[in-house]
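The values are calculated or read from the model by the stated rules, or taken from the named source; none is laboratory data. What you see is a predicted model, and the numbers here were worked out from it, not measured in a lab. Cβ placement follows ideal geometry from the backbone for every residue including glycine, while neighbour counts extend to all protein chains displayed.
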């Protein structure tokens, strides 16, 4: 089995804007595209690389969550609105009540799931991506905006999710942006499928070819 994924073509790190259906949630996430295919190669590590997958567990399957985990949750995700997600958004706690499956209280769309603490930072984004407005409470000065992101912590074994976890719902990224085409990602086997319906000792290895029992493409 090869250790090297198929990169397909020259990759590049690009910013993508996303939102809930009504627009109350606005965010920017940086992704490496095109994403690698791990067919006939070992799955990527759980940290330090971009991971794209669907999980067959009861919550992820029922809400149709497409996990996009950027290389760094601290440097690659910026929430422009709202700036106080744990207060302004609906919150459904899962995984022994360690993961916040946040959702818009107006349209009910879930844009990301999160564990840890957040902080507000000043960030400079391309002008086309600076979506924050006065009503959202985010200050905008040209392309310099205030944004919420996971607070940088030292990741440690032995504590839930090593102290920080962020996964963006790929279904909420705006279509038509350069390099973002979920059809192509599925066709080139760039989306992994995880098995979480069985006991840990019986779980099957992550794979790109097809979903595990109980999952979906």
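How about the range 77-88: which of its residues are surrounded by fewer than 21 Cβ atoms within 10 Å (Cβ to Cβ) and either assigned to a loop (DSSP other than H, G, I, E, B) or within 12 Å of the chain's Cα centre (by Cα) (or both)?
Taking the range 77-88 first, the residues surrounded by fewer than 21 Cβ atoms within 10 Å (Cβ to Cβ) are 82-88.
Selection gives 82, 83, 84.
Of the residues in the range 89-116, how many are in a loop (DSSP other than H, G, I, E, B) and either in contact with a strand residue (DSSP E or B) (Cβ under 6 Å, 6 or more places away or on another chain) or at pLDDT below 95 (or both)?
Total satisfying the criteria: 9.
On the given criteria, is residue 127 farther than 20 Å from residue 32 by Cβ, more than 19 Å from the chain's Cα centre (by Cα) and either at pLDDT 95 or above or surrounded by fewer than 18 Cβ atoms within 10 Å (Cβ to Cβ) (or both)?
Numbers: farther than 20 Å from residue 32 by Cβ: yes; more than 19 Å from the chain's Cα centre (by Cα): yes; either at pLDDT 95 or above or surrounded by fewer than 18 Cβ atoms within 10 Å (Cβ to Cβ) (or both): yes.
Spelling it out, residue 127 is indeed farther than 20 Å from residue 32 by Cβ, more than 19 Å from the chain's Cα centre (by Cα) and either at pLDDT 95 or above or surrounded by fewer than 18 Cβ atoms within 10 Å (Cβ to Cβ) (or both).
Considering only the range 43-61, state which residues are more than 24 Å from residue 156 (Cα to Cα) and surrounded by fewer than 18 Cβ atoms within 10 Å (Cβ to Cβ).
Once the filter is applied, which keeps residues that are more than 24 Å from residue 156 (Cα to Cα) and surrounded by fewer than 18 Cβ atoms within 10 Å (Cβ to Cβ), the range 43-61 yields 57, 58, 59, 61.
Quick check: anything in the range 51-59 modelled with pLDDT under 95, outside any strand (DSSP E or B), in contact with a strand residue (DSSP E or B) (Cβ under 7 Å, 6 or more places away or on another chain) and within 26 Å of residue 23 (Cβ to Cβ)?
yes
Each row is one residue, and each column tells you yes or no for (1) part of a loop (DSSP other than H, G, I, E, B); (2) surrounded by fewer than 17 Cβ atoms within 10 Å (Cβ to Cβ); (3) within 18 Å of the chain's Cα centre (by Cα).
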site: 154; (1), (2), (3): yes, yes, no
site: 157; (1), (2), (3): yes, yes, no
site: 166; (1), (2), (3): no, no, yes
site: 193; (1), (2), (3): no, no, yes
site: 201; (1), (2), (3): no, yes, no
site: 205; (1), (2), (3): yes, yes, no
site: 211; (1), (2), (3): yes, no, no
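Can you name the condition, by its number, that residue 73 falls short on among (1) modelled with pLDDT under 95; (2) within 17 Å of the chain's Cα centre (by Cα); (3) assigned to a strand (DSSP E or B)?
Unmet condition: (3).
How many residues are surrounded by 16 or more Cβ atoms within 10 Å (Cβ to Cβ) and more than 23 Å from residue 163 (Cβ to Cβ) if we restrict to the range 62-76?
2
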